[in-house]
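The values are calculated or read from the model by the stated rules, or taken from the named source; none is laboratory data. Values in this document were obtained by computation on a predicted structure and should not be read as measured data. Please note: Cβ atoms are built from the backbone with ideal geometry, for glycine as well, and neighbour counts cover all protein chains shown. Side chains are part of the model used for accessible areas, which takes the heavy atoms of the whole protein and leaves out ligands, DNA and RNA. Shrake-Rupley method; radii C 1.70, N 1.55, O 1.52, S 1.80 Å.
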Amino acid sequence: MLNSNHLELSSAWGLTYQALNYVHRPSTVEGIRQVFTLAKENGRTVGLRGSGRSYGDAAVNAEQILLELTRMTRILDWNPETGKLTVEPGVTIRDIWRYIIGDGWWLPVVPGTAFPTIGGALGMNLHGKNQYKAGTLGEHVLEFTALLSTGELLHCSPEKNPEFFYAMIGSFGVLGVFTSITLQMKRIYSGQMHISTHATANLQDLLNTMEQRKASSDYLIGWIDCFAKGQALGRGQLQIAHEFTPGEDPNPQRTLSVQFQEPPEELFGIVPRSILWRFIKYFVNPLGMRLTSLGNYLMGLLKNDKQGLESYVSANFLLDYFPRWKETYLPGGLIQHQSFIPAEHAYAGFREILQTCHDYGLPAYLAVVKRYRPDPFLISYSVDGFSMALDFHVTRRNRQRLQEMVAHLDEIVLKHHGRFYMAKDATLYPHTVSTFLGETTLAQLTALKSKYDPQNLLQTNLSRRLFPQIHITTPNAQIESN
Amino acid sequence: MIRPLHPPKTAVIVGASTGIGAALARKLAAQGYQLALVARRADLLHDVCAEINQHANQTQARPYTHDVLDFAGTPALLQQITADLGSLDLFIYNAGAMFPSHAEKYNADEDIAMLQVNAAGAMAWLSPVADRMVRAKRGQIVGIGSIAGDRGRRGAPGYNASKAALHTYLEGLRNRVSRFGVTVTTIKPGQVETDMLKNAEQVRGPISATRAADLIWSAIHSRKQIAYIPGKWGIISLVLTHIPSFVFRRLNL
Ligand SMILES: Cc1cc2nc3c(=O)[nH]c(=O)nc-3n(C[C@H](O)[C@H](O)[C@H](O)COP(=O)(O)OP(=O)(O)OC[C@H]3O[C@@H](n4cnc5c(N)ncnc54)[C@H](O)[C@@H]3O)c2cc1C
Ligand SMILES: NC(=O)c1ccc[n+]([C@@H]2O[C@H](COP(=O)([O-])OP(=O)(O)OC[C@H]3O[C@@H](n4cnc5c(N)ncnc54)[C@H](OP(=O)(O)O)[C@@H]3O)[C@@H](O)[C@H]2O)c1
């Protein structure tokens, strides 16, 4: 029997779903092995979890064992000459930049929040606003060690065990556990970037401008006011960032420091950041969001083509300034619908998506557009094209309709040869996944699964929901029924 | 398989092979619950599950053979059930025993047996259930007590005491867990036409098990703390509990 003192509530980051899990937080590889043994003895499965920043059920394993890697937080090796960094899986993006920035280095790829662990980041193979240039985080992994559910350690790099290397990164924690990861960091010559903002009149304008600017920009992010209709459908703004060239920053030591980068504890002087979300709450309703969206658009017009400087941290991790902003979406929580569509179909696809949201009367509260290039991994969401991420507030009343609508949006995405990202998902169906990944890819994943995790120990709610075929040989027949 | 926006509602009924428990199982099935049904008689339990599953055209109810007197085995079974269901929203302790009794009968073994099934078994289940619901910060516990637990009568001291113990236990549990978002509902039926009624000393206008299940469901659904089934027993009980003991003793109730 499992010890019920380990029962803890774990949530989807979007707060739409939560479940009790038997949570274990080992601090060593041996500790992980013991958890595997415990699972086998009890006929239970093991789900992996980092910081739990995935929007849906990717890091939840309801009523089963959840192995949280957040106590494996050692930085194992750092070479400030070469920028090679070796870490344990629980080290976060934030831990890393704070550790290396003083030496003039930054991560080659960062997401919109600094809290993910490296293990979780590679479990999903995350990307940043420079994906079209730098690719996914996995492309900067020099080597890693994975612990298999059999207890065996596997060392991998693009040369050593390449098949496993390209499958393990991005396969949402069902093949093994990253226990040590070596990454290549990138040189930076200032702790600031040049940022410019450009208003875009509609969707076509936004995509065209991104396409024109991509060769000359280091980071690109588009933002859409989802409440605009008709001629203005997809109106928004584009933010472009350029990094400093060597010697451009007269005093790089000042900006390449933790003190310079970390946002002040108090915004507006007196209001602690941790309670700001209570105020934002009043804006999380259709009218408030409409006003905020319009306000943002007008700000974009005002700032149009103006240049400014921003620190790396505030330019990249803006959302972390409001630590509890997602709670404004309670009690229902939020989902994000992020679709990746090849450049030639992006306009038609995204247009249809935005229009469909209007038709359902459920416009997104926030929409973000980014540019991509394909990546070499087995499980991949990347395309030579764009992604559009839509945030929706889930309520008791809209829940059913929202699920229907996103299923409809998924059809549109598939029609335009698009893809999806497990880190954001809470609503996909297995048939959608097998359509975009393709049967060959799924067969490969299934074969790797039965080879490297023959007892089918590694599972999560997401893997059971979307990849039933990889879990055919469950250790306990009744587990499947979940 | 659990879809995050529409996770299935889940419930356990202990004592679901016949009578009120089986009727409640059908009622909850109609409300869309995924069910784990527990009792000793495997054949009867399988019949209830088969009927529900056939009607739903999918596995909606699963049988678990268990004797509530197996206190030591209870936590492991709870763990198995929750793993199979994937969550636990509603837990109903309905198992109960009542031996034929009358004012001249003295039988300690039967009295103790009733105490064990009606009260000790409830404690064995509800303690770990309450613990996990507090951790989940939600959930509902329902105990099927009886109007018989409101007073000690000359005809059935053992049964009365066992149900009174259950009521008080449920009250204490409610006071312990309600601040964590967990509801505890005490159900006090009057007479219901079931196998158990055959052992009653006198039968006065019983309702059907189906009717009882409908009324119990509405008490559960509105998250009542205490509900008499049917409601008129609330008034009768109010009167009975206000009769002073020296008077009650002289009444032939
Ligand atoms: C506000 C916000 C902004 C975001 N912005 C972006 C963005 O810009 N780009 C982007 O790509 N993503 C973005 N994300 C998504 C986020 O980066 C990913 O969900 C990431 O995986 C989270 O890391 P984590 O440590 O929280 O992992 P978790 O969510 O805990 O886990 C992610 C997956 O990895 C698996 N896993 C965890 N640890 C290990 C391990 N040691 N070995 C093997 N598998 C493991 C888990 O089973 C799970 O499937 C954002 C999320 C939020 C909340
Ligand atoms: N009928 C009434 O008039 C009336 C009035 C007030 C309160 N109640 C209460 O309502 C509840 C249900 O009773 P009922 O009228 O429906 O009677 P019932 O038909 O006899 O049902 C009793 C249930 O409890 C189960 N049970 C008994 N002993 C058990 C044990 N040791 N382990 C596991 N399960 C056990 C039985 O299953 P197995 O025998 O298969 O194990 C059966 O499913 C009882 O708590 C009873 O006290 C009934």
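Look at the dipole of the stretch B:10-248 built from charges on Cβ: of B:SER17, B:PRO244, B:ALA148, the Cα furthest out on the positive end belongs to B:PRO244. You can think of it this way: the chain between B:GLU104 and B:GLN225 has 40.0 nm of extra reach, that is 0.36 nm per residue less the Cα-Cα gap. Rg over Rh for the stretch B:1-77 works out to 0.99, using Cα positions for both radii and the Kirkwood form for Rh.
Taking R0 as 56 Å, what FRET efficiency do you get between A:LYS229 and B:ASP70 from their Cβ-Cβ distance, rounded to the nearest 0.05? Once rounded, the FRET efficiency stands at 0.30.
Compare the Cα positions of B:ASN57, B:ALA119, A:GLN212 along the charge dipole of the protein assembly as shown (+1 at Cβ of Lys, Arg; -1 at Cβ of Asp, Glu; about the Cα centre) and return the one farthest towards the positive end. Among B:ASN57, B:ALA119, A:GLN212, the one farthest towards the positive end of the dipole of the protein assembly as shown is B:ALA119. Within a straight-line Cα-Cα reach of under 14 Å, A:LYS133 can be paired with the following aspartates and glutamates, leaving aside sequence neighbours fewer than 8 residues apart in one chain: A:GLU211, A:ASP218, A:GLU243, A:ASP375, A:ASP384. Residues B:ARG40, B:ARG132, sorted by accessible area with the largest first, give B:ARG40, B:ARG132 [1.4 Å probe; ligands and nucleic acids excluded]. When the accessible areas of B alone and A alone are added and the area of the pair subtracted, with a 1.4 Å probe, the result is around 2600 Å², both sides summed.
Based on the reciprocal of the average 1/r between different C-alpha atoms, the Kirkwood radius for chain B equals 18.6 Å. Taking each residue as 0.36 nm, the span from A:ASP359 to A:THR441 lengthens on full extension beyond its C-alpha to C-alpha distance by 26.0 nm.
Among the listed pairs A:LYS84/A:LYS129; A:LYS370/A:LYS451; A:LYS40/A:LYS84; B:LYS27/B:LYS163, a Cα-Cα separation exceeding 26 Å is found for A:LYS370/A:LYS451; A:LYS40/A:LYS84. Sorted from longest to shortest, the spans of the Cα atoms of the stretch A:301-433 along the three principal axes equal 45, 39, 31 Å. A Förster distance of 25 Å, applied to the separation of the beta-carbon atoms of B:ASP131 and A:GLU41, puts the FRET efficiency at 0.65. Taking 8 Å as the Cα distance limit and 6 or more residues as the minimum spacing, I'd like the relative contact order of chain A as a percentage. Relative contact order here is 18 percent.
The share of accessible area on the stretch B:10-248 that comes from carbon and sulfur is 55 percent, using a 1.4 angstrom probe.
For A:GLU139, the solvent-accessible surface with a 1.4 Å probe is about 60 Å², rounded to the nearest 10. Measuring heavy-atom accessible area with a 1.4 angstrom probe and counting protein chains only, the residues of the stretch B:1-40 that give up at least 50 Å² relative to the chain alone are B:MET1, B:ILE2, B:ARG3, B:PRO4, B:LEU5, B:HIS6. By DSSP, the beta bridges lying fully in the protein assembly as shown are antiparallel in about 65 percent of cases. Here the relative contact order of chain B, from alpha carbon pairs under 8 Å that lie six or more residues apart, stands at 18 percent. In a reduced charge model with +1 at each Lys and Arg Cβ and -1 at each Asp and Glu Cβ, the stretch B:10-248 shows a dipole moment near 900 debye about its Cα centre.
In a fully extended conformation the segment linking B:MET123 and B:VAL203 would gain 25.8 nm over its present Cα-Cα distance, using 0.36 nm per residue. Of all DSSP bridge pairs formed entirely within chain B, close to 5 percent run antiparallel. At a threshold of 8 angstrom on Cα-Cα distance, excluding pairs fewer than six apart, so keeping six or more, what relative contact order does the stretch A:75-187 reach in percent? Result for the stretch A:75-187 is 32 percent. About the Cα centre, and with charges only on the beta carbon of Lys, Arg (+1) and Asp, Glu (-1), how big is the dipole of the stretch A:314-396? Nearest 20 debye, please. So the magnitude is around 180 debye. Look at where the Cα atoms of the stretch A:17-48 and of the stretch A:367-397 average out, and the two centres are 31 Å apart. The magnitude of the dipole of the protein assembly as shown, with charges of +1 and -1 set on the Cβ of Lys/Arg and Asp/Glu and taken from the Cα centre, is near 2320 debye. Over all pairs of different C-alpha atoms in the stretch A:75-187, the reciprocal of the mean inverse distance, the Kirkwood hydrodynamic radius, equals 14.0 Å.
The stretch B:30-64 and the stretch A:158-221 have Cα centres lying 51 Å from one another. A simple spin-label model places pseudo-atoms 7 Å from Cα toward Cβ; at B:ARG249 and B:HIS6 they are separated by 6.3 nm. In the stretch A:6-135, the C-alpha radius of gyration followed by the widest Cα-Cα span (Dmax) gives 16.1, 49 angstrom.
Only bridges with both residues in the stretch A:43-99 count here: give the DSSP antiparallel percent, nearest 5. Roughly 50 percent of the beta bridges in the stretch A:43-99 run antiparallel, per DSSP.
The A:HIS431 and A:THR82 beta-carbon pair, evaluated with R₀ = 51 Å, returns a calculated FRET efficiency of approximately 0.65.
Screening chain B for whole DSSP H helices of 20 Å or more along their axis (Cα) with average Kyte-Doolittle hydropathy at least -1.0 returns B:42-56, B:121-136, B:157-177. For the set A:THR73, A:THR395, A:THR200, solvent exposure ranked by accessible area (probe 1.4 Å, protein chains only) runs largest to smallest as A:THR73, A:THR395, A:THR200. Projecting the Cα positions of A:PHE178, A:GLY120, A:TRP97 onto the charge dipole of the stretch A:75-187 (unit charges on Cβ atoms of Lys, Arg, Asp and Glu, taken about the Cα centre) puts A:TRP97 furthest along the positive direction. Here the label points at B:LYS232 and A:THR245, each 7 Å from Cα along the C-beta direction, are separated by 9.4 nm in the simple model. Each label was represented as a point 7 Å from its Cα along the Cα-to-Cβ direction; for A:GLN259 and B:ALA113 these points are 8.1 nm apart.
In terms of overall dimensions, the C-alpha atoms belonging to the stretch A:1-49 reach 33, 23, 17 Å along their principal axes, ordered largest to smallest.
How large is log10 of I(q)/I(0) for the stretch B:193-253 at q = 0.14, 0.23, 0.30 Å⁻¹ when the intensity is taken from the Debye formula with one equal scatterer per alpha-carbon? Evaluating at q = 0.14, 0.23, 0.30 Å⁻¹ gives log10 I(q)/I(0) of -0.56, -1.06, -1.19.
Across the protein assembly as shown, Cα-Cα pairs more than 39 Å apart make up 44 percent of the total.
The separation of the stretch A:53-81 from the stretch B:180-253, counted between C-alpha centres, amounts to 52 Å. Computed with a 1.4 Å probe on the full set of protein chains, the accessible area for A:GLU404 sits at about 90 Å². Per residue, the protein assembly as shown exposes an accessible area of 41 Å² to a 1.4 Å probe, with every protein chain left in place.
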